[in-house]
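Undergrad: I have a structure I would like to understand better, so I am pasting it below and will then ask my questions one at a time.
The values are calculated or read from the model by the stated rules, or taken from the named source; none is laboratory data. All values reported here derive from a predicted model rather than from experimental measurement. Every residue, glycine among them, receives a Cβ derived from its backbone with ideal geometry; neighbour counts consider all protein chains shown. Please note that ligands, DNA and RNA were not included when accessible areas were found on the heavy atoms of the full protein model with its side chains. Shrake-Rupley method; radii C 1.70, N 1.55, O 1.52, S 1.80 Å.
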Amino acid sequence: DDRYNVKETEEKWQREWDERDSFRATEDPARQKYYVLEMFPYPSGRIHMGHVRNYTLGDVVARAKRAQGFNVLHPMGWDAFGLPAENAAIERGVHPGKWTRENIAAMREQFKPMGLSIDWSREISTCEPEYYRHEQKMFLDFLKAGLAYRKRSWVNWDPVENTVLANEQVIDGKGWRSGAAVERRELNQWFLKITHYADDLLAALDHLPRWPEKVRTMQANWIGKSEGARVFWELTAPVAGHDQTAIEVYTTRPDTLFGASFIALSPHHPLTKALADQTPGITDFVAECDRIGTSEEAIETAEKRGFDTGLRVRHPLDPDRTVPVWIANFVLMDYGTGAIFGCPGHDQRDMDFARKYGLPVTAVVAPRDADVAAFSRDLAETATEAYSDPGVAVNSGFLDGLETTEAKRAAIEKLESLGKGTGTVQFRLRDWGVSRQRYWGCPVPVIHCDACGIVPVPEDQLPVTLPEDVTFDKPGNPLDHHPTWKHVDCPTCGKAARRETDTFDTFFESSWYFARFADPKAETVGFGKDKAAYWLPVDQYIGGVEHAVLHLLYSRFFTRALRDCGYLDVAEPFEGLFTQGMINHETYKDQNGKWVEPGDVEKTADGGAKRISDGAPIVVGRSEKMSKSKKNTVDPTRIIDTYGADAARLFMLSDSPPDRDLDWSDSGIEGAWRYLNRLWRLVADSGVDLGAPGAAVGDSALVRQAHKTVAGVTDDLEGLRFNTAVAKIRELTNAIGDAVKDAAKADGAAVRFALETVVRLLNPMTPHITEELWARLGHGTILAETAWPKADPALLVEDTVTMAVQVNGKLRGTLDLPKDCPKDQAEAAALALPNVQQQLEGKAPRKVIVVPNKIVNIVA
Ligand code: ANZ
Ligand code: ZN
């Protein structure tokens with residue numbers, strides 16, 4: 001039986017590649033390397049369609065680059081620390097280590113049938129001491145270099161997870177996993193000094209042309225560089241318990257200083273603290289503010305609220321004037337100076353605040369050509385919207401008449417000359433808080449000694465490993481509850497001391513794993529410098545856009561920090577970045593509004609749908625991102641079982657451009673399946689005598705199309721336009737189908753050539769069936785080790801040209817003629833055109849001029 005047996009074929013070739021070790025990467029300075037990496041998975045236990053898409057995209061790149069002669073590194077590993085393991089421990093009593101390792105084993109088995117060309121000998125798992133010991137060393141090096149430090153700081157506290165969250169993990173004021181409203185707490189935390197590189201991280205974005213514009217913009221906004229001034233406002237009277245005589249504010253609009261109507265302090269400003277002891281009500285007000293958390297979004301969206309302290313400060317440019325000092329919930333302590341001057345006319349938040357508390361609104365910037373008196377009156381008396389665009393300074397003394405940019409400069413100059421302020425650059429980026437009060441993470445390798453303070457764990461005592469015997473019955477950090485683990489002697493003075501019980505944020509592990517893959521077995525170092533130099537940077541990184549700022553920015557920081565600590569010599573970890581779209585699926589609900597799984601739904605002839613199990617009518621909803629909560633997921637393992645990995649891969653690649661969302665559908669996967677079977681039959685039983693491999697082929701339309709397809713697909717793969725690549729291959733397949741319709745007349749050598757071309761071009765996308773067909777076509781080699789086809793440039797030239805036909809200078813028609821055809825042939829064809837004959841009215845032309853391949857000019 002000559003039918004295509006998917007299961008047998010796919011298993012056979014996976015075994016074959018394994019046995020031949022086809023995908024092992026070895027450093028070879030003589031060969032050009034290519035490092036392709038997909039963001040490594042979290043071992044949740046089951047692969048999902050998003051994984052299938054991500055790893056298929058990477059695999060196509062890896063296989064194509066390998067065929068094109070590159071020394072390819074395509075590794076896989078596990079981002080294995082994190083909360084879900086601990087939650088499993090809490091809910092089911094299984095140890096996080098056991099849960100994680102079992103999930104890894106299960107997912108590895110689910111990945112294997114996909115036929116990915118991975119060098120599994122380089123597999124890593126970040127929860128093993130062999131991995132995390134190296135990041136403990138890195139941390140100690142960062143400490144020495146001043147790139148890691150500890151400080152007391154306000155943090156986002158997730159009351160359900162009992163842990164600190166990074167700002168990025170707070171979404172709409174809620175914990176990203178728990179969904180619980182986040183609170184503020186002040187804790188001692190470890191930080192990595194990402195701000196040290198703020199300027200460089202921003203400027204270097206311009207040198208990443210192979211990154212999506214969108215991701216670069218998101219990082220630039222996150223880094224948030226702004227230019228402005230620090231301005232001193234002198235208190236009219238000293239405040240007991242506070243040593244400063246002035247309030248320093250940060251502003252990006254020094255041009256609006258004359259419009260100041262109040263000063264606002266952060267609830268956590270030192271002056272607020274000093275005042276709290278003396279002024280009743282402040283402590284309560286601050287506590288209320290704390291309830292909205294520390295994330296900017298939360299603070300931005302909360303209703304503006306304030307507390308009048310009764311203090312006043314002198315205006316730096318107009319000392320006769322004083323303005324009141326308030327405490328306001330929208331002023332952040334960790335941005336700028338933690339204090340602002342409010343200019344309601346030109347800042348919306350300040351406007352909202354001023355209208356709520358009856359503070360004055362003064363226009364100090366007007367649109368060019370505005371009626372200043374009317375504009376000022378409206379803004380002061382009735383407006384609820386601030387005018388925040390640039391314009392011309394008004395009501396501003398010496399600044400009047402200056403454009404905003406000019407006015408900013410002039411104001412700063414004046415402030416500096418008076419000693420009342422300085423021009424500065426400010427970044428929105430904060431240092432990265434890496435402390436987590438959790439068990440399943442890498443222990444921070446330091447010891448707290450009452451006599452010596454913070455003592456780094458001596459390097460010969462690394463790694464600090466996690467204790468196995470922990471319990472999860474109490475809320476909080478199991479490392480803290482452990483009876484013995486944290487009690488150690490101080491390495492410096494020998495007295496009783498305590499281990500740090502914080503562990504690292506799990507983004508720590510993913511910030512350098514790409515370097516570990518260069519040298520995954522290194523024991524004394526995280527990775528050897530030579531191997532890192534050979535493989536890094538990653539040439540093509542592929543993953544979800546949800547990591548645009550977190551993981552991708554941390555990795556860029558980490559690479560710089562490692563460089564400065566002597567680990568490697570690159571600054572940028574990822575030379576090329578591609579962010580793939582999501583996978584969507586229709587959603588289904590029954591009459592009770594309950595979600596129904598796609599596997600239980602059948603479309604009916606009338607265009608509706610019913611539930612398979614009981615025939616109940618189903619309402620079909622729109623296609624949305626696959627998610628467990630809507631039950632619209634499709635299990636990749638089931639799809640691969642039914643149709644095979646090749647069909648699943650092909651559908652993923654052909655349906656839409658890889659950066660767009662993809663709608664998963666049964667008809668789509670079936671279409672891919674049918675195509676592969678058709679290709680199989682074209683090779684197995686077209687009835688055409690294909691002759692032997694390597695026979696000479698003549699020039700023919702089919703051969704030319706094959707060459708064109710090689711050129712086009714090569715180009716498409718380079719640009720990651722997989723869907724258009726597939727379309728071109730399918731066109732060539734159709735042409736082969738036409739050519740073999742009359743088997744007796746077909747040119748066997750040309751058909752073989754075209755078929756071999758299809759098989760070779762399709763190999764990176766559907767590796768199994770193409771290997772099998774290649775063997776059936778009589779080759780003793782395997783495609784995984786075969787060079788990429790090359791197009792013959794001579795056969796790429798267009799074989800026909802379109803020529804214009806003019807009569808007395810007017811276009812009267814066009815002709816499709818063989819390229820470089822003789823002049824008399826072009827002339828005859830032109831004169832035969834009905835339109836031309838009509839123009840000539842039966843007479844002979846006076847003159848005919850032929851410009852080869854372009855135009856036939858007829859003079860009547
Ligand atoms: C006066 C002013 C007048 C402002 C005006 C704006 C418009 P970016 O551009 O994001 O850097 N600001 C400064 N520190 C703050 C803090 N800790 N918390 C909340 N807001 C703060 O924003 C800078 C502007 O945000 C600053 O310029 C300041 O308000 C406010 F017509 O100063 B501005
Ligand atoms: Zn000590």
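Undergrad: First compute the accessible area of segment 604-703 with a 1.4 Å probe, then give the percent of it belonging to carbon and sulfur atoms.
TA: In segment 604-703, the share of accessible area belonging to carbon and sulfur is 49 percent.
Undergrad: Of all DSSP beta bridges in the chain, what percent run antiparallel (nearest 5)?
TA: Here the antiparallel bridges make up roughly 80 percent for the chain.
Undergrad: Based on Cβ point charges of +1 for Lys and Arg and -1 for Asp and Glu, what charge dipole magnitude is obtained for segment 771-837 about its Cα centre, in debye rounded to the nearest 20?
TA: So the magnitude is around 400 debye.
Undergrad: Next up: What is the dipole size for segment 151-202, taken about its Cα centre, with +1 at each Lys and Arg Cβ and -1 at each Asp and Glu Cβ, in debye to the nearest 20?
TA: 220 debye
Undergrad: Separate question: What is the percent carbon and sulfur in the accessible area of segment 280-405, measuring with a 1.4 Å probe over the protein chains and ignoring ligands?
TA: Reported share for carbon and sulfur atoms: 50 percent.
Undergrad: For the ranges 236-242, 208-214, 160-166, 826-832, what's the packing order if you count other beta-carbon atoms within 10 Å of each residue, average per peptide, and put the highest first?
TA: Descending packing order for the listed peptides: 160-166, 826-832, 208-214, 236-242.
Undergrad: Right, another one. Which aspartates and glutamates, if any, have their Cα less than 14 Å from the Cα of K33, not counting same-chain residues under 8 positions apart?
TA: D530, D539, E575
Undergrad: Oh, and also: So how far apart, in nm, are the two label points at W120 and A30 if each is 7 Å from Cα heading toward Cβ?
TA: For the pair W120/A30, the computed spacing is 3.0 nm.
Undergrad: With every atom except the alpha carbons ignored, what do you get for Rg and Dmax of segment 486-572, in angstroms?
TA: Spelled out, the Cα radius of gyration and Dmax of segment 486-572 are 16.6, 51 Å.
Undergrad: Right, something else. So what does M626 come to for accessible area, using a 1.4 Å probe and Å² rounded to 10?
TA: Accessible area of M626: about 30 Å².
Undergrad: Among all the aspartates and glutamates, which ones have a C-alpha under 13 Å from K728's C-alpha, if same-chain residues fewer than 8 places away are not counted?
TA: D715, D716
Undergrad: If you add up the charges near V231, with Lys and Arg at +1 and Asp and Glu at -1, over every other residue whose beta carbon is less than 9 angstrom from its beta carbon, what do you get?
TA: Net local charge, V231 excluded: +1.
Undergrad: Continuing with this model, one more query. Charges only on Cβ, +1 for Lys and Arg, -1 for Asp and Glu: so what's the dipole of the chain about the Cα centre, in debye to the nearest 20?
TA: Dipole of the chain, to the nearest 20 debye: 880 debye.
Undergrad: Please provide three numbers in whole Å: the alpha-carbon extents of the chain along the principal axes, with the largest listed first.
TA: 104, 80, 65
Undergrad: Hey, what's the Cα Rg ratio for segment 236-336 versus the globular rule of thumb, 2.2 N^0.38 Å?
TA: Against the empirical 2.2 N^0.38 Å value, I get 1.08 for segment 236-336.
Undergrad: Using a 1.4 Å probe and ignoring any ligands, DNA or RNA, find the accessible area of D564 and quote it in Å² to the nearest 10.
TA: 80 Å²
Undergrad: Note the count of lysine pairs whose C-alpha atoms are less than 24 angstrom apart in segment 780-852, limited to pairs 8 or more residues apart or on different chains.
TA: Summing the qualifying lysine pairs gives 8.
Undergrad: With a 1.4 Å probe and all protein chains left in place, how much accessible area per residue does the chain have, in Å²?
TA: Result: 44 Å² of accessible area for each residue.
Undergrad: While we're on this one: Where does the chain land at 222 nm, in deg cm²/dmol rounded to the nearest 500, when only DSSP H runs of n ≥ 4 count, each adding -39500 (n - 2.57), divided by all residues?
TA: Using -39500 (n - 2.57) per qualifying helix, the result is -10500 deg cm²/dmol.
Undergrad: Further question on the same structure: Over what distance in Å are the Cα centres of segment 499-516 and segment 616-631 separated?
TA: 37 Å
Undergrad: Which lysines, on any chain, are close to K594 with Cα under 26 Å apart, when same-chain ones fewer than 8 places away are left out?
TA: Filter leaves K603, K610, K625, K628, K630, K631.
Undergrad: First obtain the Kirkwood hydrodynamic radius of segment 692-766 from its Cα pairs, then insert it into the Stokes-Einstein equation at 20 °C and 1.002 mPa s, and state the resulting D in µm² per second as a whole number.
TA: So the translational diffusion coefficient is about 170 µm²/s.
Undergrad: Estimate the FRET efficiency between D473 and R321 by the formula 1/(1 + (r/R0)^6), using the beta-carbon distance for r and 60 Å for R0, to the nearest 0.05.
TA: In this case the efficiency is close to 0.45.
Undergrad: In addition: Report the accessible area of K151, computed with a 1.4 Å probe over the heavy atoms of all protein chains in place, in Å² rounded to the nearest 10.
TA: Around 80 Å² of this residue is reachable by solvent.
Undergrad: Distance from the Cα centre of segment 753-780 to that of segment 210-243, in angstrom?
TA: Here the two parts' Cα centres lie 59 Å apart.
Undergrad: Rounding to the nearest 10 and keeping the result within 0 to 90°, find how far the Cα-based axis of helix 129-144 lies from the longest principal axis of the chain.
TA: On a 0 to 90 degree scale, this one is about 50.
Undergrad: Percent of accessible area on segment 98-226 owned by carbon and sulfur, 1.4 Å probe?
TA: 51 percent
Undergrad: Using alpha carbons only, how many degrees (0 to 90, rounded to 10) separate the axis of helix 372-381 from the longest principal axis of the chain?
TA: 70 degrees
Undergrad: Okay, moving on. Expressed as an acute angle from 0 to 90° and rounded to the nearest 10, what is the orientation of the C-alpha long axis of helix 645-654 relative to the principal long axis of the chain?
TA: 80 degrees
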